[in-house]
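Peer 1: The structure under discussion is supplied below as structure tokens; questions concerning it will follow.
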Amino acid sequence: MKKLFGTDGIRAVAGQYPLDYPSIHALAAALVGLLREEGLAPKILIGRDTRESGGWMEKALVHGIRGSGGRAVSAGVIPTSSISYLTQKHAFAAGIVISASHNPYQDNGIKIFSSQGHKISDAWESRLEKAVLRGNSVAAKKIGVRSDARYREDYKKFLKGQLAHVRIPKGLQVVLDCSNGASSAVAPEIMRELGFAVIATNHTPNGRNINAGCGSLHPRDLAKTVVEVEADIGIAYDGDADRAIWVDEKGRVLNGDHTLFVLARFMKQNRRLKSDAVVTTSMSNIGLEIALKKMGLTLVRTKVGDKYVLEKMMEIRANLGGEQSGHTIFLDDCPTGDGILTSLKMLEILATKKLPLSKLVKGLVEFPQVLLNVPVARKIDFKEIPEIDRSIRKVQRLLKDHGRLEVRYSGTEPLARVMVEGEDLHLIQKCAHGIADAIAKNLGT
């Protein structure tokens, strides 16, 4: 069983195991060895978000790569998905992103992409994990790392090309919340160059303010700004810009389910869907499933994690998929969720349809949903704790065919997540809190 990799790479407090210098060095060296075993020349592209720990972590990776005879190339501060795109375009053997996505600045993470731009398989993660778990006593070394700005410009060119055929209405106003993260120096530039009227917020990172009361997890201020300035749309990214959520012109916050609904309808109308299936996870609202069914489309669910969404998309040859949290994958363009790319796709629909976002999402009726996060000290199979198991079974009997229950551990944080969905808000609140209380009592911090 894997011990270090979660649903989105390795994530921990920066400087603490397994994100201390020796462990990062060992991971980099192991990746070079694995690539050689796979018959690939170990040329690796590295990108990072704006956390203050990103610099020394990049040096640890470069130290390990160079020390094992590999070649490391830095793209500097750049969105996660750009490494996915650039790795495959420029024939790198692998790509590495240093980011903890939506987590606070004290945390960081490492995500690894294959030469095809996909997040590496569970099998590769297990092989790398063994090398890290063996330990490494290497000391930190002064390493010179110079980022190459050409990669960021190449990524910007790719994104701008998405709307090359679209006429942008004059004055279409967009408010961006860049979460003081990797989108800060990219998203406002791209959208202004395309002709949108842009108000950028939270776009001055200092290494510690990433995700701090802003971005996709904290859209309240964005909603307020959209209403105050009478903007057409608000867009919030997370720290590494691989997800995007929305605020419509009335100030309503919209999530990834709304994204998939709007895009699926537009893509079907314009014959861009390659399958009658849209892929998402167990967390998406049953209202999306019902709305897609009315369009003649099927919702296919996977376990939580955009890598699993991608795997299912490739398996069934679907070209649209995503998560309620805001990751959206356009398989024809990039094999990884990209918040800025998703923004441009949504803006294309606004520009083409000449309709406000509130009307574009009108056909999606969400069932009440309660999501609770419970801090846990240990992650033990819920079935092994009788009180937790009983509470889960009780809710399953109550809901029957009139709702959904999802109880799982976060793959990136020490949390248990309880999601209950159904027609009766009072009932599902009671159900969710019952399970959460049982988890807190038996496994809580």
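The values are calculated or read from the model by the stated rules, or taken from the named source; none is laboratory data. In this text, all values refer to a predicted model and were calculated from it rather than measured experimentally. No Cβ is skipped: glycine too gets one built from the backbone with ideal geometry, and neighbour counts run over all protein chains shown.
Peer 1: Output the residue which, of all residues in region 416-441 that are in a helix (DSSP H, G or I) and basic (Lys, Arg), is farthest from residue 325 (Cα to Cα). Steps first, please.
Peer 2: Kept after step one, since they are in a helix (DSSP H, G or I), are these residues of region 416-441: 425-441.
Checking which are basic (Lys, Arg) leaves us with 430, 441.
Details: 430: 24, 441: 28 Å.
Ranking the candidates gives 441 first.
Peer 1: What about residue 380, is it β-branched (Val, Ile, Thr) and either crowded, with 17+ Cβ neighbours inside 10 Å or touching a Leu at 6+ places or on another chain (Cβ under 6 Å) (or both)? It would help to see each step written out before you state the result.
Peer 2: Working: β-branched (Val, Ile, Thr): yes; either crowded, with 17+ Cβ neighbours inside 10 Å or touching a Leu at 6+ places or on another chain (Cβ under 6 Å) (or both): no.
Answer is no for this residue.
Peer 1: What about residue 22, is it surrounded by fewer than 21 Cβ atoms within 10 Å (Cβ to Cβ) and either touching a Ser or Thr at 6+ places or on another chain (Cβ under 8 Å) or touching a residue at least 60 places away in the same chain (Cβ under 8 Å) (or both)?
Peer 2: Working: surrounded by fewer than 21 Cβ atoms within 10 Å (Cβ to Cβ): yes; either touching a Ser or Thr at 6+ places or on another chain (Cβ under 8 Å) or touching a residue at least 60 places away in the same chain (Cβ under 8 Å) (or both): yes.
Yes: the conditions hold for residue 22.
Peer 1: Continuing with the same structure: Criterion first (touching a residue at least 40 places away in the same chain (Cβ under 8 Å) and touching an Asp or Glu at 6+ places or on another chain (Cβ under 6 Å)) does residue 282 satisfy it? Before you say what the answer is, go through the steps one by one.
Peer 2: Working: touching a residue at least 40 places away in the same chain (Cβ under 8 Å): yes; touching an Asp or Glu at 6+ places or on another chain (Cβ under 6 Å): yes.
It is true that residue 282 is touching a residue at least 40 places away in the same chain (Cβ under 8 Å) and touching an Asp or Glu at 6+ places or on another chain (Cβ under 6 Å).
Peer 1: Just need a number here: residues in region 413-445 that are farther than 25 Å from residue 384 by Cβ and crowded, with 17+ Cβ neighbours inside 10 Å.
Peer 2: Looking only at that region, the number is 4.
Peer 1: Please work out which residue is farthest from residue 406 (Cα to Cα), limiting yourself to region 312-325 and to residues that are among the charged types (D, E, K, R) and crowded, with 18+ Cβ neighbours inside 10 Å.
Peer 2: 312
Peer 1: Something else now. Just give me the residues in region 201-246 being farther than 30 Å from residue 57 by Cβ and among the aliphatic types (A, V, I, L, M), in sequence order.
Peer 2: Hits for region 201-246 are 223, 226, 227, 229, 231, 233.
Peer 1: For region 278-290: of the residues being of a type in the set (A, V, I, L, M, F, W, C) and in a helix (DSSP H, G or I), which is farthest from residue 371 (Cα to Cα)? I'd like the intermediate steps shown before the answer.
Peer 2: Applying the first criterion (of a type in the set (A, V, I, L, M, F, W, C)) to region 278-290 yields 278-279, 283, 286, 288, 290.
After this cut, where a residue has to be in a helix (DSSP H, G or I) as well, the list is 286, 288, 290.
Numbers: 286: 14, 288: 17, 290: 20 Å.
Result: 290.
Peer 1: Would you confirm, using the coordinates I've provided, whether residue 7 is within 18 Å of residue 120 (Cα to Cα) and either of a type in the set (Gly, Ala, Ser) or crowded, with 19+ Cβ neighbours inside 10 Å (or both)?
Peer 2: Values: within 18 Å of residue 120 (Cα to Cα): yes; either of a type in the set (Gly, Ala, Ser) or crowded, with 19+ Cβ neighbours inside 10 Å (or both): no.
The answer is no for residue 7.
Peer 1: Moving on. How many residues are modelled with pLDDT under 95 and small (Gly, Ala, Ser) when one looks only at region 150-184?
Peer 2: 2
Peer 1: Restricting to region 237-260, what's the tally of residues that are without any contact (Cβ under 8 Å) to a residue 60 or more places away in the chain and under 19 Å from the mean Cα position of the chain (by Cα)? Before the answer, list the steps.
Peer 2: Taking region 237-260 first, the residues without any contact (Cβ under 8 Å) to a residue 60 or more places away in the chain are 251, 253.
With the extra rule that they be under 19 Å from the mean Cα position of the chain (by Cα), the set shrinks to 253.
Result for region 237-260: 1.
Peer 1: Turning to a different aspect of this structure: Under 19 Å from residue 26 (Cα atoms), at pLDDT below 95 and surrounded by 15 or more Cβ atoms within 10 Å (Cβ to Cβ): which single residue out of 134, 127 fits that description? Show your work before the answer.
Peer 2: On the way: 134 fails: surrounded by 15 or more Cβ atoms within 10 Å (Cβ to Cβ).
From the options 134, 127, the qualifying one is 127.
Peer 1: Among the helices (runs of 4 or more DSSP H) contained in region 291-404, which hold 2 or more residues that are at pLDDT below 95 and not assigned by TED's automatic domain parsing to the domain that holds residue 191? Show your work before the answer.
Peer 2: On the way: elements: 306-316, 339-353, 357-360, 386-399.
Of the helices (runs of 4 or more DSSP H) lying wholly inside region 291-404, those with at least 2 residues that are at pLDDT below 95 and not assigned by TED's automatic domain parsing to the domain that holds residue 191 span 306-316, 386-399.
Peer 1: Give the number of residues within region 197-230 that are touching a residue at least 40 places away in the same chain (Cβ under 8 Å) and of a type in the set (Lys, Arg).
Peer 2: Here the count works out to 1.
Peer 1: Identify the residue in region 193-216 that is within 19 Å of the chain's Cα centre (by Cα) and among the small types (Gly, Ala, Ser) and, among all such residues, is surrounded by the fewest Cβ atoms within 10 Å (Cβ to Cβ).
Peer 2: So, considering only residues that are within 19 Å of the chain's Cα centre (by Cα) and among the small types (Gly, Ala, Ser), the one surrounded by the fewest Cβ atoms within 10 Å (Cβ to Cβ) is 213.
Peer 1: Looking at 341, 288, 263, which one is surrounded by 22 or more Cβ atoms within 10 Å (Cβ to Cβ), closer than 23 Å to residue 192 by Cβ and in contact (Cβ under 8 Å) with a residue 60 or more places away in the chain?
Peer 2: Details: 288 fails: closer than 23 Å to residue 192 by Cβ; 263 fails: closer than 23 Å to residue 192 by Cβ.
Exactly one residue qualifies, and that residue is 341.
Peer 1: Condition check: under 21 Å from residue 104 (Cα atoms) and buried (at least 18 other Cβ atoms within 10 Å of the Cβ). Does residue 240 satisfy that?
Peer 2: Details: under 21 Å from residue 104 (Cα atoms): yes; buried (at least 18 other Cβ atoms within 10 Å of the Cβ): yes.
Against the criterion (under 21 Å from residue 104 (Cα atoms) and buried (at least 18 other Cβ atoms within 10 Å of the Cβ)), residue 240 qualifies.
Peer 1: Output the residues belonging to region 291-320 that are under 22 Å from residue 346 (Cβ atoms) and touching a residue at least 60 places away in the same chain (Cβ under 8 Å).
Peer 2: 291, 294, 306, 310, 320
Peer 1: Looking only at residues that are within 15 Å of the chain's Cα centre (by Cα) and basic (Lys, Arg) in region 296-321, which one is nearest to residue 6 (Cα to Cα)?
Peer 2: Checked region 296-321; the qualifying residue nearest to residue 6 (Cα to Cα) is 307.
Peer 1: Looking at region 54-63, is at least one residue of a type in the set (A, V, I, L, M), surrounded by 24 or more Cβ atoms within 10 Å (Cβ to Cβ) and out of contact with any strand residue (DSSP E or B) (no Cβ under 7 Å at 6 or more places or on another chain)?
Peer 2: Among the residues of region 54-63, at least one is of a type in the set (A, V, I, L, M), surrounded by 24 or more Cβ atoms within 10 Å (Cβ to Cβ) and out of contact with any strand residue (DSSP E or B) (no Cβ under 7 Å at 6 or more places or on another chain), which makes the answer yes.
Peer 1: State the number of residues belonging to region 355-413 that are within 25 Å of the chain's Cα centre (by Cα) and of a type in the set (Asp, Glu).
Peer 2: Qualifying residue count for the region: 3.
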